[in-house]
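Worksheet: the structure to be examined is printed underneath.
Every read-out reported here was derived from the displayed coordinates using simple, explicitly stated rules and does not represent laboratory data. Predicted model, so just to flag it, every value in this text is computed and none were measured. Heads up, the Cβs are rebuilt from the backbone with ideal geometry, glycines too, and the neighbour counts pull from every protein chain shown.
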Amino acid sequence: MRVNTSQESDCFDANVRMVRNDARHRYELFAADELAVVMTFQDLPGHTDIVGSQAQPGFEDGGLPMVLARYALDDVVAAGKRIIPHCNYVRRFIADHQDLYTQYTDFPQEA
């Protein structure tokens, strides 16, 4: 299992830690050692498909999903892969940060 961790404080002084959990195919954000946000992915040749994201009850607000989205997308780009955003939240995040991620993104075909 490859684990990338980063620790930083958010604006609410919570201890925030992010992990890429390859065994569970997801990025995880912990706030004060409590699982707060999960973003699932599927690794493909040359791509990482961000499938979905879920904030745990009590963590929907406060910007933590955005923190995890940025961490996950930066990790994909740093790995030299392209992003496939099937997750609606990630698709909106990329649209709001076009200068950072659009050049690394292959948008899925709409059915």
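Based on DSSP H segments of at least four residues, each scored -39500 (n - 2.57), the chain has a per-residue ellipticity at 222 nm of -7000 deg cm²/dmol. Under the simplified labelling scheme, the Glu60-Leu35 pair shows an inter-label distance of 1.9 nm, with each label point 7 Å from Cα along Cα→Cβ.
Normalising by the residue count of the stretch 44-111, find the relative contact order in percent from Cα pairs under 8 Å and 6+ residues apart. Walk me through the numbers on the way to the answer.
Details: 65 pairs, mean separation 26.2, N = 68.
Dividing the mean separation by the residue count of the stretch 44-111 yields 38 percent.
Counting 0.36 nm for each residue step from Gln98 to Val51 and taking away their Cα separation leaves a gain of 15.0 nm. Expressed in Å, the radius of gyration and Dmax of the Cα atoms of the chain are 13.4, 43.
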